[in-house]
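Everything below concerns the one structure shown next.
Each value in this text was obtained by applying a stated rule to the coordinates, not by laboratory testing. Given the structure is predicted, the values throughout are model-derived calculations rather than measurements. Every residue, glycine among them, receives a Cβ derived from its backbone with ideal geometry; neighbour counts consider all protein chains shown.
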Amino acid sequence: MREHAQAVVIGGGVIGCSILYHLTKLGWSDVVLLERDELTSGST
């Protein structure tokens, strides 16, 4: 696992994935998404 990142998003639900998506659209490339299970598990 990486030791440094520009941003770390905790939680891969709808909001976490949306934040990560928008950060990458803004040009951020050094971002990490942490999720304990499957992405969007339990989300609508």
With the dipole of the chain defined by +1 on each Lys or Arg Cβ and -1 on each Asp or Glu Cβ, the option from Ile15, Gly27, His4 whose Cα lies farthest towards the positive pole is Gly27
Contact order normalised by length for the chain, with contacts defined as Cα pairs under 8 Å and 6 or more residues apart; what percent is it? 51 percent
Backbone HN-Hα couplings from phi across the range 4-14 [Karplus 6.51/-1.76/1.60, Hz, Gly and Pro as x]: 9, 8, 5, 8, 10, 9, 9, x, x, x, 4
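Assigning unit charges at the beta carbon (Lys, Arg +1; Asp, Glu -1) and nothing else, what dipole magnitude in debye, to the nearest 20, does the chain show about its Cα centre?
In total the dipole reaches around 140 debye.
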Tell me, in nm to one decimal, what length is gained between Val32 and Gln6 on full extension, where the rule is 0.36 nm per residue of separation less the Cα-Cα distance? 8.5 nm
